[in-house]
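The values are calculated or read from the model by the stated rules, or taken from the named source; none is laboratory data. Note that this is a predicted model, so its numbers are computed, not measured. Glycine gets a Cβ as well: all are built from the backbone with ideal geometry, and neighbour counts include every protein chain shown. These accessible areas exclude ligands, DNA and RNA; they are computed on the full protein's heavy atoms, side chains included. Shrake-Rupley method; radii C 1.70, N 1.55, O 1.52, S 1.80 Å.
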Amino acid sequence: MIKPYIITMIQNDMSMKAARRCIKSASKFGYYPEIFNAITPDSNPKDIFMKEQLSLSSFTVNTSYSKMEPAMCCFLSHRELWKKCFLDNKTIIVLEHDAVFVDKIQNNTMLHKFVNLGKPSYGGFMRPKAEAHGIYELFSKTGGYLPGTHAYMVTPDAAKELLQKAKTSPAPADLFLNKSSFPWMMESFPWPIEADDRFTTIQKPNGCVAKHAFSKEYIIEDVERKWKR
């Protein structure tokens, strides 16, 4: 059984509530995710980038959509799980707290290095032409990006390559994970996991309007205050 880990801000009540929902949904299909404490702005991500001589250039674009430090924290949190995958030499499933299991993961998923398991959570997307159960080349987003980073399987071999690329070209996680950089990325259909995202700590209002779950009740949480759109 592949071990799932949920990136969760344990200090944040909404994040913990979402993570518990994820665990409950996963248990229905025989998966038991473990909470993995996220890197947050309190961890001083700029200091981490400086100490490890990581470039900030990819985090300074499109700042009208996402907040810079939370986007850096998201990337660093995913990177920590890639490290764990590689060092433990065990294939894992990386989840974000808003992930919800709706089906079992296909058995043939393990035949690949990296498989997106999450249904797109924003904007338009495509389905494979055959629309048959299977593992396909990354298909749902034009441009070859993951349709969100809420659920994917990663092997130690894939994690090694992700970590090597992360040293020279760090970027927001949803841009970093793409088929151009990593042509071996695959995608499961139908998607066994969906994102039920009702709040964000990363994106600004302009970055939320394309989300499928966006409504006037969607919560955009700031470091110092909360507000509703």
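Here is how the numbers come out for the structure above:
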quantity	calculated
Odd one out for residue 122, checked against (1) more than 14 Å from the chain's Cα centre (by Cα); (2) open to solvent by 60 Å² or more (accessible area, probe 1.4 Å)	(1)
Some residue of region 20-41 being of a type in the set (Ser, Thr, Tyr) and at pLDDT below 95	yes
From 105, 135, residue being touching a strand residue (DSSP E or B) at 6+ places or on another chain (Cβ under 6 Å) and of a type outside the set (Phe, Trp, Tyr)	135
Long-range neighbours under 8 Å by Cβ, at least six apart or interchain, first residue open to solvent by less than 70 Å² (accessible area, probe 1.4 Å) within region 30-47, second among the aromatic types (Phe, Trp, Tyr)	31/101; 33/5; 35/5; 36/5
Hits in region 17-28 - residues which are open to solvent by less than 50 Å² (accessible area, probe 1.4 Å) and in contact (Cβ under 8 Å) with a residue 60 or more places away in the chain	18, 19, 22, 25, 26
Looking only at region 173-213, and only at residues there that are modelled with pLDDT of 75 or more and of a type in the set (S, T, N, Q), the one that is most open to solvent (accessible area, probe 1.4 Å)	180
Selection from region 75-109 of residues that are open to solvent by 60 Å² or more (accessible area, probe 1.4 Å), part of a loop (DSSP other than H, G, I, E, B) and not hydrophobic (A, V, I, L, M, F, W, C)	89, 90, 103, 104
Matching residues, region 147-172, being part of a helix (DSSP H, G or I) and either open to solvent by 10 Å² or more (accessible area, probe 1.4 Å) or under 15 Å from residue 115 (Cα atoms) (or both)	156, 157, 158, 159, 160, 161, 162, 163, 164, 165, 167, 168
So residue 116, is it of a type in the set (S, T, N, Q), open to solvent by less than 10 Å² (accessible area, probe 1.4 Å), at pLDDT 95 or above and touching a Pro at 6+ places or on another chain (Cβ under 9 Å)	yes
All positions within region 125-146 that are over 13 Å from residue 188 (Cβ atoms), open to solvent by less than 30 Å² (accessible area, probe 1.4 Å) and in contact (Cβ under 8 Å) with a residue 24 or more places away in the chain	144
